């Protein structure tokens, strides 16, 4: 019996063009630290650190630790020399990017309906960002006050999407089996890979990301409207078994 619903954030609970968002994010972040480090050097180091997190399968290190170990040597600075500027950016500049998202009132309705039906709730967003940045995006989606059982952030997670280990880590932290979970997301590779460990999957249409290969099992699919309707009516993968 399904006990937990995992929700992706960007492109799912928070409709947005992810590429446009990332481009704006990088174009604003680099200049904000220009007095500390050359912007071009900073961006290269940031991307290298991000790639290191994506590749890492070191269960002994959080994504934050992996990022720092790859990022800081490339800019030749100690953490305390640049982190205050990054914290200021995430606290004060990052929130202004809300215009790049297209929040839907259905997102809150879906999460609340799932909670009312007794499902445990998790936000399974790729933990490549600090907790502050993820919290801002939860606010944009109007679900920040929802009592989620888990929100994956880079300070606490040790794996990222599209690794199956990311989903296994979530199961371990929630003390559930993969077959007790439904993963709801818009990314055919990063989200639907959850099916490989036995999770059921729902592909949210509208901002689908598909890199072509590999392809994974999709148990159900539809727009946010269809997701809400099926959840309300207990249809499709939400049907009571």
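The values are calculated or read from the model by the stated rules, or taken from the named source; none is laboratory data. The structure presented is a predicted model; accordingly, all values stated were derived computationally and were not measured. Methodologically, a virtual Cβ is constructed for each residue, glycine included, from the backbone with ideal geometry; neighbour enumeration extends over all protein chains shown.
Worth a mention:
- Whether a residue is over 28 Å from residue 240 (Cβ atoms), in a helix (DSSP H, G or I) and touching a strand residue (DSSP E or B) at 6+ places or on another chain (Cβ under 9 Å) was assessed, and residue 86 does not pass this test.
- The stretch 51-66, subset surrounded by 15 or more Cβ atoms within 10 Å (Cβ to Cβ) and touching a helix residue (DSSP H, G or I) at 6+ places or on another chain (Cβ under 7 Å), residue nearest to residue 152 (Cα to Cα): 63
- Of all positions in the stretch 3-24, at least one carries a residue that is surrounded by fewer than 19 Cβ atoms within 10 Å (Cβ to Cβ), out of contact with any strand residue (DSSP E or B) (no Cβ under 8 Å at 6 or more places or on another chain) and over 27 Å from residue 201 (Cβ atoms).
- For the stretch 25-48, the candidate set comprises residues that are without any contact (Cβ under 8 Å) to a residue 24 or more places away in the chain and within 30 Å of residue 107 (Cβ to Cβ); within that set, the residue that is surrounded by the fewest Cβ atoms within 10 Å (Cβ to Cβ) is 27.
- Residue satisfying condition, being under 19 Å from the mean Cα position of the chain (by Cα), part of a helix (DSSP H, G or I) and not assigned by TED's automatic domain parsing to the domain that holds residue 223, within set 45, 52, 70: 52
- Residue 171 vs. criteria assigned by TED's automatic domain parsing to the domain that holds residue 121, out of contact with any strand residue (DSSP E or B) (no Cβ under 6 Å at 6 or more places or on another chain) and either buried (at least 16 other Cβ atoms within 10 Å of the Cβ) or within 18 Å of residue 109 (Cα to Cα) (or both): yes
Residue by residue, here is whether (1) touching a residue at least 40 places away in the same chain (Cβ under 8 Å); (2) outside the structural domain of residue 61 (by TED's automatic domain parsing); (3) out of contact with any helix residue (DSSP H, G or I) (no Cβ under 8 Å at 6 or more places or on another chain) holds:
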residue	(1), (2), (3)
115	no, yes, yes
123	yes, yes, no
142	no, yes, no
157	yes, yes, no
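- Index of the failed condition, residue 149 passing every other in (1) closer than 19 Å to residue 26 by Cα; (2) touching a residue at least 60 places away in the same chain (Cβ under 8 Å); (3) in contact with a helix residue (DSSP H, G or I) (Cβ under 8 Å, 6 or more places away or on another chain): (1)
- Count - residues of the stretch 84-97 that are within 23 Å of residue 15 (Cβ to Cβ) and loosely packed, with under 15 Cβ neighbours inside 10 Å: 2
- Some residue of the stretch 88-101 being in contact (Cβ under 8 Å) with a residue 40 or more places away in the chain and farther than 21 Å from residue 20 by Cβ: yes
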